[in-house]
Amino acid sequence: MKRRDFLKKSALVTTASALVGCDVKVDFENLSSFKNGGLPIVISTWNHGVAANKVAMNIIKNGGNALDAVEAGVRVTESDPEMMSVGYGGLPDRDGHVTLDACIMDYTGNCGAVSYLQHIKNPISVARKVMEETPHVMLSGKGALDFALEKGFEMENLLTEKAENLWKEWLVTSQYKPIVNIENHDTIGLLAIDKKGNISGACTTSGLAWKLHGRVGDSPIIGAGMYVDNEIGGACATGVGELVMKTLGSFLIVELMRQGMNPQEACKEAVMRIVAKEEYNDMQVGYLAIDKNGNYGAYSIHPGFNFALHLGGENKMHDAESFVKS
Ligand code: GLY
């Protein structure tokens, strides 16, 4: 049986609370996240997700596609100087440079990314250009900047006065210590399903504050910071990128859903892979996932990770479940 036919057959069977996959038994009546299913849906990390979701869902409501929606949604966060972990206004590395990472993936499996990009306010749109106008998936550093300028993006100073002052305060001690749930925001990862049922995702960040110059995190890595398979679902990550990269968290979640887990179970399992191996006391990682039917899940290492969900006409914040209980 072809995979597409198999998936269609599985979808029919799920309504009867029976078998999915060859030997994975799932009781769909008892999976809480499946009761939340519905389309279209936009879901994104942290408080800044509410404004991003609103813009993304407007595009979908007006008949736009998920790819346009995810790009426009995260551009809101990138452009906001008050959001000090993404785009313009992001906190710099230890040498005072704002360096940005982003990736985007569509429902056909195409994807694009930029890493260590400086001076461009909306790296997600450069990532989309990499996807659509080059034979490559990722451009980095000066090459990414040259490409952006060639495509008409404007070169700007992304270091705001507020971010520069915080960096100067940090220089006094110069202690590197990732902070769990920094100011209740971090990377924005955003996943959407449009009216046709197509899924896309976007992920963008200025990375860890005071990182070593040249450090690149999980956010531009397809499969780590974000991953979409239109036949299965999508996932995205926030938090300490090194832990996400070591376990290729977003790809893992989508593959676990392919094997029969629901989005919540898959996010939890991806966190368990981290805590089984890593010192996680001062490290936060949070995952979001959606499946093809618009069911969602969220799970983090520590309490405090929250997400914005636009579903059924409401755009509201929710707290994720976590491995460490408060
Ligand atoms: N998750 C963002 C980063 O580690 O850069």
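No lab work stands behind these numbers, since they all come straight from the coordinates. All figures in this text were calculated on a predicted structure; none of them were measured in a lab. Note that each Cβ is placed from the backbone with ideal geometry, even for glycine, and that neighbours are counted across all protein chains shown.
Observations, loosely collected:
- Length released on extending from D95 to H136, taking residue separation times 0.36 nm less the Cα-Cα span: 11.8 nm
- Estimated [θ] at 222 nm from DSSP helical runs (n ≥ 4, -39500 (n - 2.57)) normalised by residues in the chain, nearest 500: -9500 deg cm²/dmol
- Residue order for M226, M155, M83, M245, fewest other beta carbons within 10 angstrom first, comes to M155, M245, M83, M226.
- The modelled label-to-label distance for the pair M317/S79, using points 7 Å beyond Cα in the direction of Cβ, is 2.3 nm.
- Pairwise Cα distances in the stretch 53-163 exceed 23 Å for 28 percent of all pairs.
- With N counted as the residues of the stretch 149-243, its alpha-carbon radius of gyration over 2.2 N^0.38 Å works out to 1.33.
- Share of Cα-Cα pairs in the stretch 184-326 lying beyond 18 Å, as whole percent: 51 percent
- Applying the criteria of a DSSP loop state and at most 11 other Cβ atoms within 10 Å to the GluC sites (Glu not before Pro) of the stretch 264-326 yields E279.
- Taken over the chain, the alpha-carbon convex hull comes to 127 cubic angstrom per residue.
- Distance distribution note for the stretch 104-169: the fraction of Cα pairs above 13 angstrom is 62%.
- Among the GluC sites (Glu not before Pro) in the stretch 62-121, those located in a DSSP loop and surrounded by at most 14 other Cβ atoms within 10 Å of their own Cβ are E82.
- Rounded to two decimals, the Cα radius of gyration of the stretch 274-326 over 2.2 N^0.38 Å is 1.29.
- Residues whose placed amide H lies under 5 Å from that of H119, excluding near-sequence neighbours: L158
- Taking θ as phi - 60° and the Karplus parameters 6.51, -1.76 and 1.60, the scalar couplings of the stretch 74-84 work out to 6, 4, 4, 5, 4, 7, 8, x, 6, 8, 8 Hz in sequence order, x denoting glycine and proline.
- Cross-link check: pairs K151/K196; K129/K162; K121/K168; K151/K246; K195/K325 evaluated at a Cα-Cα cut-off of 26 Å; pairs beyond the cut-off: K151/K196; K129/K162; K151/K246; K195/K325.
- When the Cα gyration tensor is reduced to axis lengths a ≥ b ≥ c, the ratio a/c is 1.5 or higher for the stretch 40-100, and with a/b above b/c it is classed as prolate.
- Annotation: peptides 288-298, 86-96, 161-171, ranked by per-residue average of other Cβ atoms within 10 Å with the highest first, follow the order 288-298, 86-96, 161-171.
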